[in-house]
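Since the structure comes first, as structure tokens, the remarks are kept for the end.
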Amino acid sequence: ATTFKRVNQLEKQLVAVKDVYDVVRGQNSKKISFERYLLIDYLDQIIFAANSRFKTLSDGQYQLVRSERQESHGRQSGLMIDVYDGFTGQLRDVKTLSGGEKFIASLCLALGMSDVIQSFQGNIQIDTMFIDEGFGSLDEESLHKSIDALIQLQQSGRTIGVISHVDELKRIFPARLEVTKSKEGHSSASFVLR
């Protein structure tokens, strides 16, 4: 009789532990693990910070929104991003943005992540940021908005490095490191100050 009671107690404990384990690993109705739940909280904060710039840079048309879509094939959900189009009033997948719009959204997300990291870690300061290409896909208006955003960042005390072939960008930065490829197959670099 005592062995039977002990087995019953252990089975009850097993059920409780299994329930907790399933929740932690994402085997629940939301398909979200505890780790992903924490990541979702960070992503929400990053999106909030990104939207302060993205809405301005898109003339109020776009805002990023964390998607509530359930992933298929048992994959975990919660870390996808949609875009709300204020002109149409519709939510759509962020992948449907044009090349220039994606670049601006990515820039805003990177800056939002920088803001969130610095707000959580008082002793971490991100003063320098390098942006590699992407400017070539922008139309003239988006390019000017992106340049304005970079200038605002620079004025807030950050050092911004831009890797680009776009001539207009080359003209606005007071200091450049120009890399020139030779016919022999090697490159040379020189600083250009204006």
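Computed from the coordinates by the stated procedures, all read-outs in this text should not be read as laboratory data. Since this is a predicted model, take the numbers as computed values, not measurements. Neighbour counts are summed over all protein chains in view; Cβ atoms, including those assigned to glycine, are modelled from backbone coordinates with ideal geometry.
Pairs of lysines in the chain whose Cα atoms sit within less than 28 Å of one another amount to 18, provided the residues are eight or more positions apart or on different chains. By its C-alpha gyration tensor, with a ≥ b ≥ c as the square roots of the eigenvalues, how is the stretch 1-105 shaped: rounded for a/c under 1.5, else prolate for a/b larger than b/c, else oblate? Here the stretch 1-105 falls in the prolate category. The stretch between Asp85 and Asp139, if pulled fully straight at 0.36 nm per residue, gains 17.5 nm over its current Cα-Cα span. Calculated mean residue ellipticity, 222 nm, the chain: -16000 deg cm²/dmol, from DSSP H runs (n ≥ 4) at -39500 (n - 2.57) each, averaged per residue and rounded to 500.
The angle separating the long axis of helix 99-120 from the principal Cα axis of greatest extent in the chain is about 60 degrees.
The alpha carbons of the chain stretch over 91, 43, 39 Å along the principal axes, in descending order. Between Lys12 and Tyr42, the modelled labels are 3.9 nm apart [label points 7 Å from Cα along Cα→Cβ].
For the stretch 158-185, backbone nitrogen atoms closer than 11 Å to the point 7 Å from Phe130 Cα along Cα-to-C-beta are found at 161-163.
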